[in-house]
């Protein structure tokens, strides 16, 4: 008879232990996955003489946290661990970019192989003492990393026959006033915005709104944020219903994606009563000014579309795994999700349905960043699909933002992305 005990390994303040597969979400700061996912214990076939052993052995390993062979511990803790130097350099980069707290997760082959929290989710700006450590389970405002969720949601709604991506957003009540205001403003997202030209929902999701719709890429988060109003229009509700409550789009997100992916520490907007603890556990946003961290006003926002999700690094890993294993989307949806838009002349544009898509040194990279200067948060979600590899980073300041151009995809401009790629994709070792 064989007993299999799945395990994950943690480091925290120099200590180590054995935990069940789900423990990391609630406890240890760092997780390292050894080469063998399971420890195998072999006993003799059951007889009266060894029945007691059958029951005692599992209990022994459940209640004694530090039972693992010394060779495994040595392999995980030594300086040759693939995550050792990466973790140290990542923390140095965090400090250099004035980020109070950072949560990080790496997913490989649809499993979390490493997770760690750095710094503080809250901060006493008086004496600089942190009082709440960041873990992979700390909720952050993920800003524009919301868009990958929205792209998937609209593709699923299209598959269900609820939404037509070729329908025009121009048909929505209030469009003329909104578009005229934006086009005549000094906001960059209103440049070359022609309100008299049909703009499809597909154009909005692909960021091909400005200029002749569908012909070129320009990142436009303001247009994304009109999608919650469009959903209310499609579902027959007043446009005003999009704000100030757990709106229809937020409910659809929970039903179609967050619930099926078992993302219990993630909420769409901040009006979801059953997930109120996620809001109260959320990291504080900061701005670094004149050598000091200054608290930003704690945000209270509905789910608009351009942003709106609060999540944790570990929950985003659940999303990533559910996405890649086909648990939350059909094969036909997945074929569309990461496929970049194409201009009429055949040019491949750098954006799909909520995702940037680019080639870098021969590797396909799929990613999205998040940046909210007013709230004090930034984020990075980077996939290397040919290697089944994903990096997720969440920060409680804008220090991770690098200024990606509005008309291109250049994740290599991020020192955080470059650090990850140099260690795990382009490493000479």
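The values are calculated or read from the model by the stated rules, or taken from the named source; none is laboratory data. The model shown is predicted, which means the values in this text are computed figures rather than measured ones. Ideal geometry is used to build each Cβ from the backbone, glycine not excepted, and the neighbour counts take in all protein chains shown.
List of remarks:
- Within region 177-199, none of the residues are assigned to a strand (DSSP E or B), assigned by TED's automatic domain parsing to the domain that holds residue 219 and touching a residue at least 12 places away in the same chain (Cβ under 8 Å).
- Checked against the criteria, residue 255 counts as out of contact with any helix residue (DSSP H, G or I) (no Cβ under 9 Å at 6 or more places or on another chain), surrounded by fewer than 19 Cβ atoms within 10 Å (Cβ to Cβ) and not in a loop (DSSP other than H, G, I, E, B).
- Options 261, 276, 304: the member that is buried (at least 22 other Cβ atoms within 10 Å of the Cβ) and either at pLDDT 90 or above or touching a helix residue (DSSP H, G or I) at 6+ places or on another chain (Cβ under 8 Å) (or both): 304
- When residues in region 99-129 are screened for being modelled with pLDDT under 95 and farther than 21 Å from residue 278 by Cβ, 6 of them pass.
- Taken over region 283-301, residues that are assigned to a loop (DSSP other than H, G, I, E, B) and surrounded by fewer than 24 Cβ atoms within 10 Å (Cβ to Cβ) amount to 9.
- Residue in region 391-400 that is out of contact with any strand residue (DSSP E or B) (no Cβ under 6 Å at 6 or more places or on another chain), in a loop (DSSP other than H, G, I, E, B) and either in the same structural domain as residue 223 (by TED's automatic domain parsing) or closer than 16 Å to residue 145 by Cα (or both) present: no
- Qualifying residue in region 137-160 (condition: over 26 Å from the mean Cα position of the chain (by Cα), in a loop (DSSP other than H, G, I, E, B) and more than 30 Å from residue 281 (Cβ to Cβ)): no
- In region 351-364, the count of residues that are touching a residue at least 40 places away in the same chain (Cβ under 8 Å), touching a strand residue (DSSP E or B) at 6+ places or on another chain (Cβ under 9 Å) and in a helix (DSSP H, G or I) is zero.
- When 402, 371, 355, 367 are checked against the criterion of being touching a helix residue (DSSP H, G or I) at 6+ places or on another chain (Cβ under 8 Å), under 20 Å from residue 141 (Cα atoms) and surrounded by fewer than 20 Cβ atoms within 10 Å (Cβ to Cβ), 402 stands alone in meeting it.
- Residues within region 184-200 that are under 10 Å from residue 210 (Cβ atoms) and surrounded by 13 or more Cβ atoms within 10 Å (Cβ to Cβ), tallied: 6
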